[in-house]
Amino acid sequence: MKKIGILGSTGSIGTQTLEIVRTNKDIEVTALAAGSNIELLERQIREFKPELAAVWNPDRAAELRDRVRDLDVKVLSGMDGLLAAASEPRSEILVTAVVGMIGVLPTIEAIKAGKDIALANKETLVTAGHIIMPLAREKQVKILPVDSEHSAIFQSLQGGQQRALRKILLTASGGPFRGKKKEELENIQVEDALKHPNWEMGKKITIDSSTMINKGLEVIEAKWLFGVTVDQIQVVVQPQSIIHSMVEYEDGAVIAQLGTPDMKLPIQYALYYPERRFLPGERLDFGELSAITFERPDMETFYGLQLAFEAGRRGGSLPTVFNAANERAVALFLKRKIRYLQIPEIIRACMEEHRNILEPTVEEILKTEQETYEFIKSRW
């Protein structure tokens, strides 16, 4: 019986992880953590019976504690709750599906406790990859990617020779505004940006996909996951979302992972790696598939992607600024306080303002995040 903890259990990745638990019957959930959706979290606790549950909001945690007082479950709150859920003694693998830099400290805690990490929180490696990856090697734990693209790269590397890897081809759907120019994006509303053509995701990641900033974050994440430079990563727009990513070797061979757009595949692969199991769902029908097409990304219209490459090349604390500025800008856009095209404008302004720290500590990373938030608050 495999034992797992899930941070972000009420979100898209968290709920799909629990679907896999429900289907397979040989996974025990020992810890669950969520932000504030205690109604869903209560249902999850009653079904999966974890020993520990954590809620970010203390008031909501107190309310949940009262609602599950008939159960043998410990309910904690805040960062202390997240850290306890991350390091819960019985779990073997932690699914990190929280959104944002809130995932950095719990991931470090889980690695120190010897847990393998099923990583769905890209901000952890974007901001602290120089800390996370050496720590994982020291503690001999696996970092197993859950993002569909990084899982595809990971799968494409199985049986290959990573030292012969020449290039990563990171695919992107292009989002809802593929093919549009900047002037056509002037009056984009929240509802427009939340209509992704292929994937069902949370609001923040859906907005990030529409700006292609999500792909920029994935570029930086891939740099750390696979030990390559940013310049060894090429973004390729693949609108059908059939090829999830590819790797090119020194001899010119290109290996790709293909499949229908279903996040349960990379989640299940991470949970059971290296075993493959049956997964219910649609299968690719190559008789019906008329074409798989490719395009270059428009780095001028979607220049947030260009900024990500710059942040990834320069490294240090600059990726933290990129990530934090994007988080706050997207939040402002979702609240209709800024225009759509101001998202990359805010990121660029924050990057220009920042004095880069080459090897930031966790404390310096978190301080940089707060300084970025304060700069945005003073200007927008």
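The values are calculated or read from the model by the stated rules, or taken from the named source; none is laboratory data. Computed from a predicted model, the values in this text were never measured in an experiment. Using ideal geometry, Cβ is built from the backbone for each residue, glycine included, and neighbour counts are taken over all protein chains shown. Side chains included, ligands, DNA and RNA excluded: accessible areas come from the protein's heavy atoms. Shrake-Rupley method; radii C 1.70, N 1.55, O 1.52, S 1.80 Å.
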Residue within segment 64-72 that is under 22 Å from the mean Cα position of the chain (by Cα) and not aromatic (Phe, Trp, Tyr) present: no
Where residue 248 falls short, out of the listed (1) out of contact with any helix residue (DSSP H, G or I) (no Cβ under 9 Å at 6 or more places or on another chain); (2) part of a strand (DSSP E or B); (3) closer than 30 Å to residue 15 by Cβ: (3)
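Residue-wise test of (1) of a type in the set (A, V, I, L, M); (2) more than 23 Å from the chain's Cα centre (by Cα).
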| site | (1), (2) |
| --- | --- |
| 246 | yes, no |
| 252 | no, yes |
| 257 | no, no |
| 267 | yes, no |
| 283 | no, yes |
| 292 | yes, yes |
Flag for residue 53 being under 22 Å from the mean Cα position of the chain (by Cα), of a type in the set (A, V, I, L, M, F, W, C) and not in a loop (DSSP other than H, G, I, E, B): yes
Cβ pairs under 6 Å, 6+ apart, first in segment 216-239 and of a type in the set (S, T, N, Q), second open to solvent by less than 40 Å² (accessible area, probe 1.4 Å) and outside any loop (DSSP other than H, G, I, E, B): 234/169; 238/171
Positions within segment 101-116 being open to solvent by 40 Å² or more (accessible area, probe 1.4 Å) and either part of a helix (DSSP H, G or I) or at pLDDT below 95 (or both), in sequence order: 102, 105, 109, 112
Residues located in segment 128-166, provided they are assigned to a loop (DSSP other than H, G, I, E, B) and either within 21 Å of the chain's Cα centre (by Cα) or of a type in the set (Phe, Trp, Tyr) (or both): 141, 142, 146, 147
Qualifying positions in segment 273-321 - surrounded by 16 or more Cβ atoms within 10 Å (Cβ to Cβ) and more than 14 Å from residue 347 (Cβ to Cβ): 273, 279, 297, 298, 301, 315, 316, 317
Any hit, segment 135-153, residues being in contact (Cβ under 8 Å) with a residue 60 or more places away in the chain and out of contact with any strand residue (DSSP E or B) (no Cβ under 9 Å at 6 or more places or on another chain): no
Residue check, residue 238 open to solvent by 10 Å² or more (accessible area, probe 1.4 Å) and within 17 Å of residue 153 (Cβ to Cβ): no
Matching entry among 63, 19, 88 (being among the acidic types (Asp, Glu), assigned to a helix (DSSP H, G or I), farther than 24 Å from residue 281 by Cβ and in contact (Cβ under 8 Å) with a residue 12 or more places away in the chain): 63
Single residue of segment 25-49 satisfying the filter (touching a helix residue (DSSP H, G or I) at 6+ places or on another chain (Cβ under 8 Å) and either among the polar types (S, T, N, Q) or modelled with pLDDT under 95 (or both)) that is nearest to residue 266 (Cα to Cα): 44
Selection status of residue 195, open to solvent by 40 Å² or more (accessible area, probe 1.4 Å) and either closer than 17 Å to residue 296 by Cβ or in contact (Cβ under 8 Å) with a residue 24 or more places away in the chain (or both): no
